[in-house]
1. Taking the condition of being touching a Pro at 6+ places or on another chain (Cβ under 9 Å), surrounded by 17 or more Cβ atoms within 10 Å (Cβ to Cβ) and either charged (D, E, K, R) or assigned to a helix (DSSP H, G or I) (or both), how many residues in the stretch 79-129 meet it?
2. Among what's in the stretch 160-201 and is among the basic types (Lys, Arg) and in contact (Cβ under 8 Å) with a residue 40 or more places away in the chain, pick the residue that is farthest from Val101 (Cα to Cα).
3. Being acidic (Asp, Glu) and at pLDDT 80 or above is the requirement here; does Asp294 meet it?
4. Pull out all pairs, ordered by first then second residue, where Cβ-Cβ is under 7 Å, the residues are six or more apart or on different chains, the first lies in the stretch 136-156 and is touching a residue at least 40 places away in the same chain (Cβ under 8 Å), and the second is among the charged types (D, E, K, R).
5. Using beta carbons and a limit of 7 Å, which pairs, at least six apart or on different chains, have the first residue in the stretch 80-92 and free of Cβ contacts under 8 Å to residues at least 60 places away in the same chain and farther than 15 Å from Ile142 by Cα and the second one outside any strand (DSSP E or B) and of a type in the set (Ser, Thr, Tyr)?
6. Which of the helices (runs of 4 or more DSSP H) contained wholly in the stretch 138-189 include at least 2 residues that are more than 22 Å from Val128 (Cβ to Cβ)?
7. Taking the stretch 90-131 as the search range and keeping residues that are in contact with a Leu (Cβ under 7 Å, 6 or more places away or on another chain) and at pLDDT below 90, which one is nearest to Thr173 (Cα to Cα)?
8. Within the stretch 196-216, is even one residue of a type in the set (Lys, Arg), assigned to a helix (DSSP H, G or I) and under 19 Å from the mean Cα position of the chain (by Cα)?
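The values are calculated or read from the model by the stated rules, or taken from the named source; none is laboratory data. These numbers were taken from a predicted model, which means no experiment stands behind them. Every residue, glycine among them, receives a Cβ derived from its backbone with ideal geometry; neighbour counts consider all protein chains shown.
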Amino acid sequence: MNSKVNKKIINVLKSADREKINIVSMYVVLAIFLTFSVLFGVLLDSILRTRGLFTTLFVIFSTLQTLFGLSIVGRVIINLLEANPFSNFRSNNLKKDLKEVEDIFENVKVNSGFEGDIELYAIDSPSVNAISIGRLKHDHKICLTTGAIEKLDRKELEALFYHELFHIVNKDTDYLTTLSGTFGSPMLIFTISSRNLKRLLKNKSKLPNSDFYRDFILFSFMKVVSSIFLPISLLTNIFVSVKKEFDADLFAVQKTDFSSVISLFDKVKSSCRSFETNYYFMRHLFFSHPKCTDISKKPNRIIETYPSIDERVEFLKSVNSKKEVNS
């Protein structure tokens with residue numbers, strides 16, 4: 001392999017500096033989130049002449065979200081995804097043995113030298129996708145869609161796991177989960193309350209009136225309040241670096257091989273099925289866009305900072321071609 005390509009991969013694998021950057025970035029994001037919340041509240045008060053009402057509301061919300069919301073954001077996301085641990089997952093559409101997938105992942109962990117705990121979850125979706133979540137060393141989770149479990153061969157699954165593990169080892173996942181729990185939290189709460197209201201109305205006839213009206217008032221209040229904060233969630237993807245995905249893809253190539261990663265991307269493109277829920281506020285946690293909007297077109301760089309699948313493939317091809325020319 002060419003020395004320049006070697007050096008490029010070695011630089012990717014220097015995780016100590018990257019970890020420090022992500023740790024510092026988490027605190028910077030928290031500070032910016034608190035500042036933006038206060039400024040947005042002040043702006044609304046000045047426009048609506050409400051004498052500090054929205055400023056107070058935004059200060060309370062952002063403070064509570066920072067102090068308490070971040071501690072449960074991983075569990076909230078898992079609940080929103082309707083993901084289940086491999087040990088509890090049952091699906092009539094799944095034919096592959098989950099124990100086989102767990103063994104593949106354990107082998108990937110050993111080869112990567114990662115010692116922390118990571119729990120595997122399954123999402124019932126035909127799309128080939130994955131998402132890593134967590135902010136603490138022993139609280140990380142990787143969720144695979146049933147499409148990924150069923151359609152990917154061993155090498156492709158290894159490539160997908162190496163990609164997600166790269167994010168976890170280098171604390172990209174910690175930073176991105178923090179981002180979802182701060183700037184993404186209004187959209188997160190809005191989505192959860194909207195979903196619960198829909199289910200509540202659907203099951204109205206099965207519930208006692210007291211329970212129905214109690215839950216209806218609670219979820220309606222959550223939806224109305226969170227809707228006020230929604231503009232903050234539009235800033236979420238601005239704080240995400242394109243380089244994170246390119247580096248994780250390159251790591252997957254180095255640990256498996258070029259053809260396996262390209263084959264993985266081909267199956268992502270051919271099998272993509274849009275999720276029913278719009279996960280815009282945590283799109284950055286997914287391997288590929290949950291709404292399939294990054295399959296081939298170049299995303300809007302202002303609101304979508306992640307590269308498209310085609311851009312990621314072209315990046316790997318350019319690195320591979322340099323390696324072949326100079327080998």
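1. Residues that pass the stated criteria total 0.
2. By that ranking, first place goes to Arg195.
3. no
4. Lys141/Glu119; Thr146/Asp124; Ile149/Lys96; Glu150/Lys95; Glu150/Lys96; Lys151/Lys267; Leu152/Lys267; Glu156/Lys267
5. These pairs meet every condition: Ser91/Thr146.
6. Helices (runs of 4 or more DSSP H) meeting the threshold: 172-181.
7. Here the answer is Phe114.
8. So far as the stretch 196-216 goes, no, none of its residues is of a type in the set (Lys, Arg), assigned to a helix (DSSP H, G or I) and under 19 Å from the mean Cα position of the chain (by Cα).
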